[in-house]
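S.K.: Can you keep this structure in mind? I'll have questions shortly.
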Amino acid sequence: MKPNDLPTPPPSNAWTLARRAERMNPSVIREILKVTEKPGIISFAGGLPSPKTFPVTAFAEACAKVLREDGQSALQYAASEGYGPLREAVADMLPWAVDPAQVLITTGSQQGLDLVAKVLVDSGSRVLVETPTYLGALQAFTPMEPQIEAVASDDEGIDMADLERRIGQGADRARFLYVLPNFQNPTGRSMSEARRAALVACAAAQGLPLVEDNPYGDLWFDTPPPLPLSARNPEGCLYLGSFSKVLAPGLRLGFIVAPKAVYPKLLQAKQAADLHTPGFNQRMVAEVIKGGFLERHVPTIRALYKSQCGAMLASLKQEMQGLDVQWNSPDGGMFLWVRLPEGMSAIDLLPHAVDKGVAFVPGAAFYADEPDARTLRLSFVTASVEQIRIGIAALAQAVRERLKG
Ligand SMILES: Cc1ncc(COP(=O)(O)O)c(C=O)c1O
């Protein structure tokens, strides 16, 4: 067809977006990352694991072996549930008795969140989240048009009294509580043993399902965190796990452990989404992790992240003296949480910090309701110790100048 014969394009108003599409927003973090990708900026903004920890050689060997020994199956369509040996390995890894039949391999745990939203959330239904919470979960839940309610939270996690007030009854009962008990994104905080026990007891008594997201649980510094919520009441919990932080995020490999009551629907939602997670990646990971690889590899990530976290805490202590800035001291994970002086907004501070050569994510992005404008998230894992020192000094300088007005 010559260009002149092309059909007239439809008028732009012919595209009527679905209500759920109207509710989709670009990830604030991705937008911020674009600004901070200028050369020379030290970024504490991204949630990226350190690429130094990716076991490239182990993958090169596993890749060759999978293609040599199982190439045709690895490149064929496959079962939506996931590759059998990987589902078994996942069940074996978890600290409670898990039947591999309850494991659904997902394309990252982000897909798990999307499937959970599709299967459990109706328009207008109530979903409870921590304050603050993982932005990607809010992005996954929002298009299903729920009323997302933020439950008050403190350093130990969910505030039980506020939760009990909000659960509701009958048709109005919240569909689930989404919770990150270990080294939470964005705050880095962990839920105490007492709080976990209280939460599981309350949820079981009131019939509130829990959606437990645990991508950081293995990244503890000195002592492992208490048992997951799902280990305490598997029938009342949906557990989301990921290989992104212990192997590599580019594999896009995660998993859901789901009770029998919801597994078939999650599977059907997965079939509609992508038929299955790439079988080649699943076989490679199954090959890499067999024979105890993670037990040798993950301690090296823990040691690296612990030293980076220590460097950031030391720099904060030194550089923020006298500035009325507060921060926490996480026991693992990738992030720490900072609160700026009274009256200062992290969103307003960001352009000044970028001018000084350092970036972070303003905390407001992570709140389902009224944000605390003074908060911000710092990742300590991708910058070098030297960059951490320079970046925190630059951040302190930006705060100092804003204080002077
Ligand atoms: C709390 C949380 N859940 C889920 C994800 C998604 O991880 P992935 O899809 O790489 O498994 C992330 C990624 O940063 C996260 O922080």
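S.K.: What distance in nm separates the simple spin-label points at residue 152 and residue 223, each placed 7 Å from Cα in the Cβ direction?
M.R.: Modelled inter-label distance: 2.8 nm.
S.K.: Moving on to the next point. Rounded to the nearest 20 debye, what is the charge dipole size of the range 114-268 about its Cα centre when +1 sits on each Lys and Arg Cβ and -1 on each Asp and Glu Cβ?
M.R.: 480
S.K.: While we're here: Where does each of 301, 392 land when they are ranked from fewest to most other beta-carbon atoms within 10 angstrom?
M.R.: With the fewest neighbours first, 301, 392 line up as 301, 392.
S.K.: Using 1/(1 + (r/R0)^6) with R0 = 41 angstrom and r between the beta carbons of residue 56 and residue 205, what's the FRET efficiency to the nearest 0.05?
M.R.: Between residue 56 and residue 205 the formula returns 0.25.
S.K.: Check cross-link reach from residue 118 to the lysines: straight Cα distance under 27 Å, and skip same-chain residues fewer than eight apart.
M.R.: Hits, sequence-local ones excluded: 245, 260, 265, 270.
S.K.: Among DSSP bridges having both ends in the range 56-293, what percentage is antiparallel? Round to the nearest 5.
M.R.: 40
S.K.: How do 180, 33 line up, fewest other C-beta atoms within 10 Å first?
M.R.: In increasing order of surrounding Cβ atoms, one gets 33, 180.
S.K.: Enumerate the amide H contacts of residue 358 below 5 Å, restricted to partners 5 or more residues apart or on another chain; note that Pro and chain-start residues carry no placed amide H.
M.R.: Here 42 satisfy the definition.
S.K.: Taking the simple approach of a point 7 Å from Cα along Cα-to-Cβ for both residue 79 and residue 370, what is their distance in nm?
M.R.: 5.1
S.K.: Tell me, 361, 298, 200 in order of fewest to most beta-carbon neighbours within 10 Å?
M.R.: 298, 200, 361
S.K.: In the chain, what percentage of the DSSP-assigned beta bridges are antiparallel, given to the nearest 5?
M.R.: 55
S.K.: So how do 15-23, 101-109 stack up, highest first, on mean other-Cβ count within 10 Å?
M.R.: Top of the packing list down: 101-109, 15-23.
S.K.: Still on this structure: Using a 10 Å cut-off on Cβ atoms, rank the peptides 224-234, 112-122 from the highest mean neighbour count down.
M.R.: Result, highest mean first: 112-122, 224-234.
S.K.: Quick one: go through the range 248-281 and flag any residue whose amide nitrogen is under 18 Å from the point 7 Å out along the Cα-to-Cβ line of residue 290.
M.R.: Answer for the range 248-281: 279-281.
S.K.: So, one more: Name the residues of the range 386-400 whose amide N is less than 16 Å from a point 7 angstrom out from the Cα of residue 314 along the C-beta direction?
M.R.: Residues 386-393 qualify, since their backbone N sits under 16 Å from the label point.
S.K.: Using alpha carbon centroids, what distance separates the range 44-78 and the range 212-275, in Å?
M.R.: Distance between centres, Cα-based: 20 Å.
S.K.: Continuing with the same structure: Counting Lys and Arg as +1 and Asp and Glu as -1, each charge on the Cβ, what is the dipole of the chain about the Cα centre in debye, to the nearest 20?
M.R.: 660
S.K.: Here's another thing I want to ask about it. List, in order, the whole-Hz ³J(HN,Hα) value for each residue of the range 338-344 obtained from phi through the Karplus relation with A = 6.51, B = -1.76, C = 1.60 and θ = phi - 60°; use x for Gly and Pro.
M.R.: In residue order, the calculated couplings are 10, 10, 7, x, 2, x, 9 Hz.
S.K.: 7 Å from Cα along Cα→Cβ at both residue 161 and residue 302: what's the point-to-point distance in nm?
M.R.: So the label points at residue 161 and residue 302 sit 3.7 nm apart.
S.K.: Name the lysines eligible as straight-distance cross-link partners of residue 356: C-alpha to C-alpha under 22 Å, and not fewer than 8 places from it in the same chain.
M.R.: Reachable lysines: 34, 38, 317, 404.
S.K.: Per q in 0.14, 0.28, 0.30 Å⁻¹, report the Debye log10 I(q)/I(0) for the range 175-220, using one uniform scatterer on each alpha carbon and no solvent.
M.R.: -0.34, -1.06, -1.13
S.K.: Hey, another quick one. Within the chain, which DSSP H helices have Cα atoms that stretch 18 Å or more along the helix axis and a mean Kyte-Doolittle hydropathy of at least -1.0?
M.R.: In the chain, the long hydrophobic H runs are 56-74, 108-120, 193-206, 293-319, 385-404.
Read the figures in this text as sums done on the coordinates, not as results from a lab. This structure is a prediction, so every number in the text was calculated from the model and none was measured. Glycine also receives a Cβ, built like all others from the backbone with ideal geometry; neighbour counts cover every protein chain displayed.
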